[in-house]
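Please treat every number below as a calculation from the coordinates, not as lab data. Predicted, not measured: the structure shown is a model, and the values here were computed from it. With ideal geometry, Cβ positions are generated from the backbone for all residues, glycine too; neighbour counts draw on all protein chains shown.
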Amino acid sequence: MNPLYEHMPTSIFERMSLAAARQGAVNLGQGFPDFGWPPEILEAAARALLEGSNQYAPSRGLPALREAVAYHYRRHFGQDFSAANVCITSGATEALGAAILATVEPGDEVIVFTPAYDSYAPMIRRAGGSPIEVALQPPDWRIEADALDAAVSPRTRAIILNNPHNPTGRLFDRAELDLVAKCAVGSDLIVISDEVWEHIVLDGLEFTPLATLPGMAERTIKVGSAGKIFSLTGWKVGWIVAPEPMSNALAKAHQFLTFATAPNLQAAVAFGLDQGDEWLVPMRRDFQRGRDRLVEGLTRAGYTVAPSVSTYFLCVDLERSGVGVRDEDFANAAVERAGVAIIPLSPFSEQPPSGQFVRLCFGKRDETIDAGVAAMAKARELFL
Ligand code: PMP
Ligand code: GLN
């Protein structure tokens with residue numbers, strides 16, 4: 001078999017969810033909410049399943065959904081998109097795969113800020129490229145000009161930016177986005193902008209799509225996900241939005257990954273994007289409450305928690321919490337001996353990470369968070 005896959009471990013999200021199920025542990029690992037999806041969108045999906053088509057959708061997506069995605073971004077961020085810019089995919093993970101396959105040629109380098117979502121590096125390698133890691137340094141995890149400039153070479157083809165950022169919960173500020181844009185324009189690079197968390201922004205902060213920066217509309221491939229917008233991660237409906245003619249090449253990559261995505265879920269997502277703007281504010285409020293509850297509980301249990309203002313993740317600094325073990329060892333002990341699944345950050349980079357951090361999901365009901373905090377208190381005691 002291809003050695004890339006033969007030697008690859010199973011994704012940390014899958015490993016931790018399986019361990020949680022095996023141990024009966026609270027799952028604050030893999031990122032999925034346990035509340036909050038709008039019932040109306042489930043009804044729209046049920047209607048579409050019973051009354052709509054259950055045959056292949058057009059490869060680029062249902063016209064109604066492509067139009068709904070374009071209109072969503074015109075309305076929310078003033079972006080000049082039409083259906084021609086949109087290709088619907090089976091989740092953002094497929095969108096990222098298609099974007100990487102359509103962009104990277106053998107020998108190319110792709111800059112990745114770490115810690116990074118775990119699909120980027122393997123897909124870059126499978127396309128024949130090399131991921132070049134730019135390590136964001138804790139506790140601030142800022143994009144720094146020197147580190148970014150040092151990563152650029154004549155072989156650099158693209159940058160992958162993830163904003164808002166999983167796993168740190170950072171929303172990169174305008175100065176950091178300007179650095180990325182300046183670098184991309186200056187070296188004529190494509191940016192694959194993974195913006196799946198665009199609507200899960202807390203504390204009244206506002207998200208800025210990278211393509212809205214000067215010089216970026218023509219070089220940005222945006223990746224989005226309905227799973228995140230509607231708290232329905234299992235639906236795996238995502239999209240790529242890019243200028244023509246890039247969008248046409250991206251659609252070719254997509255056509256031989258999955259060809260098309262379930263039509264009923266697409267129809268329901270189109271309904272949600274058209275009707276669901278008023279769902280966004282309560283969603284942010286509820287996730288913010290979850291964050292505050294988890295921060296408060298972990299702090300009470302003696303942990304040092306890094307600030308998080310977006311996504312539904314926060315990170316705990318093990319060293320500063322007085323826990324002197326590696327992140328993976330701590331996470332394994334937490335799920336096996338204390339009853340809580342969490343995610344170590346070391347699988348988010350190929351290079352050894354700076355510091356020892358674990359990520360916890362706060363998109364959960366109060367009782368789930370409270371049970372997770374109690375188990376985290378127990379986990380800390382294992383190492384004191
Ligand atoms: N990118 C990032 C940064 C993510 O956090 C996730 C999922 N948590 C994805 C992509 C994948 O999204 P999807 O489930 O739509 O494939
Ligand atoms: N993106 C989700 C997370 O960060 C998990 C996605 C997956 O399981 N592949 O937890």
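Structural remarks
- Any pair with Cβ under 6 angstrom, 6 or more apart, that starts in the range 28-39 at a residue that is within 18 Å of Arg293 (Cβ to Cβ) and among the aliphatic types (A, V, I, L, M) and ends at one that is within 16 Å of ligand 2 (Cβ to nearest atom) and assigned to a helix (DSSP H, G or I): Leu28/Gly372
- Those residues of the range 64-96 which are surrounded by 21 or more Cβ atoms within 10 Å (Cβ to Cβ), among the aromatic types (Phe, Trp, Tyr) and either farther than 19 Å from Thr212 by Cα or touching a helix residue (DSSP H, G or I) at 6+ places or on another chain (Cβ under 7 Å) (or both), in sequence order: Phe81
- Failed condition for Glu195, given (1) away from ligand 1 (no atom under 12 Å from the Cβ); (2) crowded, with 18+ Cβ neighbours inside 10 Å; (3) among the acidic types (Asp, Glu): (1)
- Test: residue in the range 298-316 that is touching a Pro at 6+ places or on another chain (Cβ under 7 Å) and without any contact (Cβ under 8 Å) to a residue 40 or more places away in the chain: no
- Residue among Ala83, Ala57, Ala46 that is more than 16 Å from ligand 1 (Cβ to nearest atom) and in contact (Cβ under 8 Å) with a residue 60 or more places away in the chain: Ala57
- Residue within the range 120-130 that is among the charged types (D, E, K, R) and in contact with a helix residue (DSSP H, G or I) (Cβ under 8 Å, 6 or more places away or on another chain) present: yes
- Single residue of the range 50-63 satisfying the filter (of a type in the set (A, V, I, L, M, F, W, C) and either in contact with a Ser or Thr (Cβ under 7 Å, 6 or more places away or on another chain) or crowded, with 16+ Cβ neighbours inside 10 Å (or both)) that is farthest from Gly276 (Cα to Cα): Ala57
- The requirement of being part of a helix (DSSP H, G or I) and either buried (at least 17 other Cβ atoms within 10 Å of the Cβ) or in contact with a Leu (Cβ under 8 Å, 6 or more places away or on another chain) (or both) is satisfied by Asn264.
- Ile41 within 24 Å of Lys364 (Cβ to Cβ), among the β-branched types (Val, Ile, Thr) and either touching a strand residue (DSSP E or B) at 6+ places or on another chain (Cβ under 9 Å) or outside any loop (DSSP other than H, G, I, E, B) (or both): yes
- For the range 80-117, filtering for residues that are within 14 Å of ligand 2 (Cβ to nearest atom), part of a loop (DSSP other than H, G, I, E, B) and closer than 26 Å to Val134 by Cα leaves 3.
- So Phe13, is it surrounded by 16 or more Cβ atoms within 10 Å (Cβ to Cβ), part of a loop (DSSP other than H, G, I, E, B) and within 16 Å of ligand 1 (Cβ to nearest atom): no
- For the range 1-24, filtered to residues that are over 24 Å from the mean Cα position of the chain (by Cα) and closer than 22 Å to Ala379 by Cβ, the residue that is farthest from ligand 2 (Cβ to nearest atom) is Gly24.
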